[in-house]
Amino acid sequence: MNKIDFSKLSQLASASAAVTATCKCSAVPLRAWQKLPLSLDLHDLVEIGTLIDDPYDEPTFKEYHPQGTRYESEDAPIAPRYFPCNRSQVLYCQACGRHFLQYNEAGGYFTELRIRALRPELLVDAPL
């Protein structure tokens with residue numbers, strides 16, 4: 001899988017923000033991390049790259065919230081080196097061109113796909 005660096009991620013986020021077309025991928029606002037909505041068909045989204053640095057290394061579960069946001073906050077930073085971005089793939093909507101981040105939340109007895117819109121105003125190139 002193609003590793004997407006911060007510069008490319010910023011370009012994709014800006015391109016996504018410029019999309020104004022109505023699309024079923026934007027029917028549910030995905031401003032914060034949430035489980036994959038039933039209205040969103042994964043067949044319409046193409047995986048174009050990953051934010052995972054090393055597939056053989058366990059990435060950190062540390063989150064990045066310097067302004068007191070939380071995982072479920074709509075204004076939480078998108079920091080690629082921090083959880084859950086560091087476990088995410090970048091998806092592209094074939095219908096409209098929007099971009100999303102997606103990762104698989106794996107709890108004790110379940111897995112669940114989580115997704116969030118890629119928003120340029122929230123991107124932070126924060127070091128670990």
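Restricting attention to the chain, give the cysteines that have no other cysteine Cβ less than 4.7 angstrom from their Cβ.
Within the chain, the cysteines lacking a partner Cβ under 4.7 Å are 85.
Efficiency by 1/(1 + (r/R0)^6): what FRET value for residue 21 and residue 113, r their Cβ-Cβ distance, R0 = 22 Å, to the nearest 0.05?
Efficiency computed from Cβ-Cβ geometry: 0.40.
In segment 24-96, what trypsin sites (Lys or Arg not before Pro) fall in a loop by DSSP, with at most 13 other Cβ atoms inside 10 Å?
Qualifying residues, ordered by number: 62, 70.
Check cross-link reach from residue 35 to the aspartates and glutamates: straight Cα distance under 12 Å, and skip same-chain residues fewer than eight apart.
72, 105, 112
Where in segment 92-108 does the label zone of residue 38 land, with the point 7 angstrom along Cα→C-beta and an amide N cut-off under 15 Å?
From segment 92-108, the list is empty.
Within segment 9-128, what whole-number % of the accessible surface is contributed by carbon and sulfur, with the 1.4 Å probe and all protein chains included in the calculation?
For segment 9-128, the apolar C and S fraction of the accessible surface comes to 51 percent.
In segment 1-85, what chymotrypsin sites (Phe, Trp or Tyr not before Pro) fall in a loop by DSSP, with at most 10 other Cβ atoms inside 10 Å?
56, 61
The values are calculated or read from the model by the stated rules, or taken from the named source; none is laboratory data. Given the structure is predicted, the values throughout are model-derived calculations rather than measurements. Quick reminder, even Gly has a Cβ in these numbers, built from the backbone with ideal geometry, and neighbours come from all protein chains shown. Just the protein is used for accessible areas: all its heavy atoms, side chains included, with ligands, DNA and RNA removed. Shrake-Rupley method; radii C 1.70, N 1.55, O 1.52, S 1.80 Å.
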